[in-house]
1. Mind listing just one residue for me: the one in segment 309-330 that is assigned to a helix (DSSP H, G or I) and among the polar types (S, T, N, Q) and, of those, modelled with the highest pLDDT?
2. So LEU246 fits all but one of (1) closer than 26 Å to ILE39 by Cα; (2) open to solvent by 60 Å² or more (accessible area, probe 1.4 Å); (3) of a type outside the set (Lys, Arg); (4) more than 27 Å from the chain's Cα centre (by Cα); what number is the exception?
3. For the list (1) at pLDDT below 80; (2) outside any loop (DSSP other than H, G, I, E, B), I need the number of the one condition that SER349 fails.
4. Looking at ASP104 and the list (1) buried (at least 21 other Cβ atoms within 10 Å of the Cβ); (2) under 23 Å from GLN150 (Cα atoms), which single condition is not satisfied?
5. Which residue is farthest from VAL93 (Cα to Cα), if the candidates are limited to segment 173-199 and must be among the small types (Gly, Ala, Ser) and open to solvent by 10 Å² or more (accessible area, probe 1.4 Å)?
6. Please verify whether ILE39 is surrounded by fewer than 21 Cβ atoms within 10 Å (Cβ to Cβ), hydrophobic (A, V, I, L, M, F, W, C) and in contact with a Phe, Trp or Tyr (Cβ under 8 Å, 6 or more places away or on another chain), treating the condition exactly as stated.
7. May I ask you to say which residue of CYS274, CYS282 is closer than 27 Å to TYR41 by Cα, of a type in the set (A, V, I, L, M, F, W, C) and in contact with a Pro (Cβ under 9 Å, 6 or more places away or on another chain)?
8. Being in contact with a strand residue (DSSP E or B) (Cβ under 8 Å, 6 or more places away or on another chain) and in contact (Cβ under 8 Å) with a residue 60 or more places away in the chain is the filter here, so list the residues in segment 183-199 that pass it.
Amino acid sequence: RYYSGEKKAPVLTVFIGGNHEASNHLQELPYGGWVAPNIYYLGYAGVVRFRGVRIGGISGIFKSHDYRKGHFECPPYNQQTIRSAYHVRNIEVFKLKQLKRPIDIFMSHDWPRSIYHYGNKKQLLKMKSFFRQEVESNTLGSPAASELLQHLKPTYWFSAHLHVKFAAFMQHETNSKEELPKATKFLALDKCLPHRDFLQIIDVEHDPNAGDSLEYDAEWIAILKATNSLVNVTQSSWNMPENNGLHAKWDYSVTEEAIKEVLEELNHDLKIPCNFTLTAACYDPSKPQKNMEPVHTINPQTTEFCAQFGLTDINDRIQQAKEESSGRGECEEEEEEEMDSTGSAEEPSEYNTDNSGLSSFNPDEIMLDEEGGDEDLSTCSVDPSPDHPPEFSTSFSDIRIMPDSMVVSSDDAMDSNNEELEKSGGSKQVEEKSSTERSLKRISGDENGNSGVKKIKRRNQAIYAAEDEDK
């Protein structure tokens with residue numbers, strides 16, 4: 001339910017957005033902020049500190065046809081923007097790539113592409129056999145997240161989205177003999193449902209003498225200031241500055257002097273103010289309000305943050321653009337047509353492929369009977385490699401060196417193919433979505449569907465009547 005103003009989360013919580021959040025509320029906080037007392041949203045991308053632990057993250061899921069656009073969406077949404085609102089943008093990846101100081105924990109909703117090659121892939125495909133095609137072609141997950149993984153090399157990386165628990169241990173290559181080798185422990189968790197592996201407690205080294213307040217990260221604030229001129233609120237596709245002879249400046253990483261200036265602006269007090277503001281009416285079950293059109297809201301937290309650091313308020317800029325557009329008398333229907341997120345008239349993405357539509361659709365999400373079935377879903381833990389014992393709980397396994405290209409050999413991708421197909425005792429069933437004619441691979445048995453697989457049933461038929469590729 002929506003926050004009523006009467007309760008406070010018992011544990012400080014830091015989170016990112018995925019593809020099932022209230023986009024209109026999260027869009028109020030593009031640079032992050034409190035969605036409720038003691039629950040902090042990192043924004044489109046962000047970095048904060050807690051007790052000396054540096055926590056970063058990027059919200060949304062990757063779709064190539066929206067990746068190079070600005071953040072132009074706002075309520076009320078149309079059929080395209082209601083989904084593109086939570087699609088990752090290249091400017092957020094660019095900002096995060098300016099970070100130089102080490103990151104302890106990083107979060108993304110979808111998995112970094114190729115991470116499945118550094119854990120118990122055989123067990124993963126046994127549990128989620130419909131991932132096989134994308135795993136074998138190395139197209140499952142987000143290429144943008146892989147780019148960040150190679151650059152940031154965080155100690156931990158946490159993801160969700162694919163509704164399965166999976167752990168991996170990735171040893172990064174060093175760029176020079178002087179550089180110390182780094183490794184990332186990756187962990188994804190299952191859906192929050194009975195008998196599913198949706199929770200794991202991890203001990204992280206921290207400063208026991210530090211206070212219990214969430215803090216700004218000085219380097220991140222300096223990067224936001226340095227990249228403020230790059231803010232884009234249009235749907236036009238564009239590339240970030242790079243060293244290709246077309247840009248006068250391409251390195252927006254910040255100096256120690258710039259970081260020092262941020263610290264001086266804050267009087268060396270990095271504590272994030274507890275300035276949560278209620279911007280939406282609380283849900284009252286006794287007074288149901290149906291079919292309310294969402295309103296584009298300027299959140300006071302964002303206004304205060306932008307004023308403090310001299311940043312562009314993205315939502316305010318969007319409002320200005322809408323007013324200017326209305327002043328020119330532009331046709332609303334034409335605008336909606338331009339907003340079409342199908343990518344049919346887009347310039348090509350900087351990434352060669354976009355198979356994320358397949359990985360974004362998960363049969364567990366709306367199709368499988370979560371309350372029963374023939375399969376014991378309590379056995380979703382990933383077994384560690386015998387050569388590399390777990391470091392904690394079901395943990396991280398299968399240490400390998402990650403090449404810069406993230407390319408994995410075809411032999412590696414095929415290591416358990418034949419064995420698992422023989423054990424499945426059946427073929428893969430193809431189900432076509434009527435509107436897109438897209439084939440999605442599922443586990444199936446005989447023609448009558450009577451083999452030992454989970455029963456299929458539709459729940460919340462009205463909710464899922466409209467197809468959404470992001471599910």
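The values are calculated or read from the model by the stated rules, or taken from the named source; none is laboratory data. In this text the structure is predicted, and so the values were computed from the model without any measurement. Here the Cβ positions follow ideal geometry from the backbone for every residue, glycine too, while neighbour counts run over all protein chains shown. Remember, those area values only see protein heavy atoms, side chains included, never the ligands or the DNA or RNA. Shrake-Rupley method; radii C 1.70, N 1.55, O 1.52, S 1.80 Å.
1. ASN315
2. (1)
3. Failed condition: (2).
4. The single condition ASP104 does not satisfy is (1).
5. SER176
6. Yes.
7. CYS274
8. Scanning segment 183-199 gives ALA183, LYS185, PHE186, LEU187, ALA188.
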